[in-house]
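Everything on this sheet refers to the single structure shown next.
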Amino acid sequence: MTRPISKSLDIPVPDGDSERYSLRMGPQHPATHGVLRVDLELDGETIIECTPQVGYLHRGFEKLAENKTYAQALILTDRLDYIAAMANNIGYCVAVERLLDISVPLRAQYLRTMVGEMSRISSHLLWLATHALDIGAMTVFLYCFREREILLDLFEELCGARLTFSYPRIGGVRQDVTSAFVDELQRFLDIFPAKIEEYETLIDTNRIWLKRTVGVGKVTGEQALSLGLTGACLRGSGVDYDIRKHQPYGAYALVDFEVPLGSDGDIYARYRCRMEEMHQSVRIIQQCIDQLPPGPIVGPDAPDLVMPNKPRARIEASTNIYGTGLIKLIRDRNLYMSGDVYVATEVPKGELGFYFISDGNNRPYRMHIRSPSFIHISALATIAKGELIADLIANIGSLDVVLGESDR
Amino acid sequence: MDILLTLVWIVVLFVVVMLHVAYATYFERKIIGHMQVRLGPMRVGWHGLLQPIADGIKSFFKEDIIPEHADKPTFLAAPIICLVAMMTTLAVLPFAKGWVLADIDIGLLFIFAMSSLASYGVVLAGWSSNSKYSFLGGMRSMAQVISYEISMGLSLVGVMLLAGSLNLTAIVEAQGDRFLGMYLLPQCIGFFVFFISMLAETNRVPFDLPEAETELVSGYCTEYSGMRYAIFFMAEYIGMMVMASIATICFLGGWNGPFPVPFFPPLWFVLKIYLFMFLFIWIRATLPRYRYDQLMGLGWKVLIPLALANIVLTACLKAILD
């Protein structure tokens, strides 16, 4: 048995002026934020062709939702963007409420807005942590987690879960806040702006950070719109589009906040946008605490968890004549609306849309999720082209993608 | 008899340096841990003091994996080249007056030669692993070491001019034991260039591109595991100590301190090295990473011109003052 003496290396030898080779980055790579795979065509370290591949985390939520009642399918949205599950829950509830025409009491609206913004802060903190770590500033990573921990503890106090909340329900929220929770939240709001400044002193005035982010991964406003970018990625390019402001839901119409806009559309502009958004979120939460109205937290027409397919039988008034002994049971035909609806909400990553087709049943005929991460990943191919590998990493971090949401 | 004594000294030096390497990793983890509001290793021994020993045992007993299509002889030789080159440089370092294994006249040049050799280990490791990440890491390392070796060499020419010698003991003695005698002040440009090049030469943050973990997984040592990986690690830490020693010898007056220490003359030398090691760790906890092209730009467009200007300036001043 003879073995080949010399084993050849797969690394291609340059022939003439073409030194291209392909590199598969991911799905197991420290900087691809989960299971993103990027197929790269490289010339040295310059990216000639970049093809993102998704689907490693596909769990078939859209199909699963067709076999669950609207109330049951809520838990699936926890697993979409698991970093900001609360925002997904709210987006789903808002969409179902508009489809089934269910009203939400004002106190629940305020509570939703409050926890939605808490979720935005916790998502942006994780984004900043990993984005800074990708660029090499590893201390920011742990500083962000320190503050995120407070928020997760608050969520735990609120609903018992730290990651998959299912706190909002169709027609309201599940539990009311306690005074201890509000006090804790107030304490967090008092310290948090100073903490944001702490992160900024570590990276924002750092020459290396500026060199890595300013002018890198540029997207113009038109380009961002045609790529379908939303959220801070779109606002970083100077397009004023925030669903919270322009199609308000929850209590966003009742609170005062600004939509931070960038102009350059590079990584630094997106970074600044998100940092400002955290400040605005603090403002919104503060106003929610101050204005929180008393009242019920669940609307009168909120459906049960077990949404009956058939409407409850009721006694028709005219036939229920005392003494005749004959009771006529009737069932209303259209318990749920039929038709279709697309409702989008502003989650930390961008515009999260739910598209429902209902045929009058207690479960959706079809549910489609417009996931911002999926669209941002597809934009990566355009943004990263012609840049270096190191910039690709910075771009992935800056687009703020979560693969759970992208693959659904 | 002389040879036997030298051998004993070599063994002593080897053991001391290895212990320092082990505990340098411990202190790095501890210091960075505290800078990042966490505790660092706490489990093995009191405050994790036995952690380096546990790590050593762990990597010693780990399975040694060689990738299937790796160029085996080169793959095996690469970490050893790194370690041997780095250990050899220790021979010429004067830890105190007379505490030197080989007091040769070209000490500084010898260290440069050896640390350049060590980069062969990195390049060969990247080439032979048959992994694209390793390959990119190796390429980056090659480019980085070549360009920063130049700026580092040039930055020390000023010191050579002032001391009139390449012998490390002579350089220390030329600075004398006065605070103002240190070359830190007259050679501040040289020190600046040297310090930055030193970070790049030892592949430390913000120039840790050859092993940039978020880009190249682990760069040239992606495919290494167990003891071979540990050898790369040791070589990196010895490299850090050697660079810190050169900085101490050439700019901070070597073993000279405010007052002589009676029983352990290298005390000041060791303390100065610890200061540099702390700076290495502090910088790692603070700074993000440069991009490859920015790193090359910094080396060729800023550091090398600065170092050349420093040489001209030093030579002119020396000529005028003499």
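The values are calculated or read from the model by the stated rules, or taken from the named source; none is laboratory data. It should be emphasised that the depicted structure is a prediction, and the values quoted were computed from it without experimental measurement. Methodologically, a virtual Cβ is constructed for each residue, glycine included, from the backbone with ideal geometry; neighbour enumeration extends over all protein chains shown.
Considering only residues that are over 18 Å from residue A:57 (Cα atoms) and among the polar types (S, T, N, Q), which ones fall in the range A:378-407? A:382, A:395, A:398, listed by residue number. The helices (runs of 4 or more DSSP H) found entirely in the range B:113-218 that carry 1 or more residues being of a type outside the set (Asp, Glu) and within 14 Å of chain A (Cβ to nearest Cβ) are B:132-163, B:188-201, B:213-216.
Conditions (1) within 20 Å of the chain's Cα centre (by Cα); (2) away from chain B (no Cβ under 14 Å), marked per residue:
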{"position": "A:129", "(1), (2)": "yes, no"}
{"position": "A:145", "(1), (2)": "yes, no"}
{"position": "A:161", "(1), (2)": "yes, yes"}
{"position": "A:181", "(1), (2)": "no, yes"}
{"position": "A:205", "(1), (2)": "no, no"}
{"position": "A:209", "(1), (2)": "no, no"}
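Does the range A:350-360 contain at least one residue that is of a type outside the set (S, T, N, Q), under 26 Å from residue A:41 (Cβ atoms) and more than 14 Å from every other protein chain (Cβ to nearest Cβ)? No, there is no match, as no residue in the range A:350-360 is of a type outside the set (S, T, N, Q), under 26 Å from residue A:41 (Cβ atoms) and more than 14 Å from every other protein chain (Cβ to nearest Cβ). Is it the case that some residue within the range A:243-259 is of a type in the set (Lys, Arg) and exposed (fewer than 15 other Cβ atoms within 10 Å of the Cβ)? Within the range A:243-259, one or more residues are of a type in the set (Lys, Arg) and exposed (fewer than 15 other Cβ atoms within 10 Å of the Cβ).
Of all residues in the range A:142-179, which are among the aliphatic types (A, V, I, L, M), surrounded by fewer than 24 Cβ atoms within 10 Å (Cβ to Cβ) and not in a helix (DSSP H, G or I)? Across the range A:142-179, the qualifying residues are A:161, A:163, A:177.
Within the range A:17-64, being of a type in the set (D, E, K, R), more than 14 Å from residue B:216 (Cβ to Cβ), within 14 Å of chain B (Cβ to nearest Cβ) and touching a residue at least 24 places away in the same chain (Cβ under 8 Å) holds for A:19, A:20, A:43. Would it be correct to say that residue B:259 is surrounded by fewer than 24 Cβ atoms within 10 Å (Cβ to Cβ) and farther than 23 Å from residue B:98 by Cβ? No. Of the residues making up the range B:282-322, those that are closer than 25 Å to residue B:30 by Cα and surrounded by fewer than 21 Cβ atoms within 10 Å (Cβ to Cβ) are B:282, B:283, B:284, B:285, B:286. Only a single criterion out of (1) under 19 Å from the mean Cα position of the chain (by Cα); (2) more than 14 Å from chain A (Cβ to nearest Cβ) is not satisfied by residue B:285, namely (2). Listed by position, the helices (runs of 4 or more DSSP H) inside the range A:36-141 whose residues that are of a type in the set (D, E, K, R) number at least 3 are A:106-135. Screening B:178, B:140, B:204 for residues that are out of contact with any helix residue (DSSP H, G or I) (no Cβ under 9 Å at 6 or more places or on another chain) and basic (Lys, Arg) leaves exactly one candidate, B:178. Please specify each residue of the range B:22-50 satisfying the condition of being away from chain A (no Cβ under 13 Å), closer than 14 Å to residue B:281 by Cβ and aliphatic (A, V, I, L, M). Across the range B:22-50, the qualifying residue is only B:24. Among the residues examined, residue A:66 does not qualify as surrounded by fewer than 17 Cβ atoms within 10 Å (Cβ to Cβ), at pLDDT below 85, at negative phi and not aliphatic (A, V, I, L, M). Remark: pairs (first residue in the range B:28-51, under 21 Å from residue A:145 (Cα atoms); second residue among the polar types (S, T, N, Q); Cβ separation under 6 Å; 6+ apart in sequence or on different chains) = B:36/A:139; B:41/B:51.
Okay, residues lined up against (1) closer than 28 Å to residue A:390 by Cβ; (2) crowded, with 24+ Cβ neighbours inside 10 Å; (3) free of Cβ contacts under 8 Å to residues at least 40 places away in the same chain:
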| position | (1), (2), (3) |
| --- | --- |
| A:92 | no, yes, no |
| A:100 | no, no, no |
| A:106 | no, no, no |
| A:114 | no, yes, no |
| A:123 | yes, yes, no |
| A:129 | yes, no, yes |
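The listed residues are B:243, B:234, B:227, and the only one of them that is assigned to a helix (DSSP H, G or I), over 17 Å from the mean Cα position of the chain (by Cα), assigned by TED's automatic domain parsing to the domain that holds residue B:143 and of a type in the set (A, V, I, L, M) turns out to be B:227.
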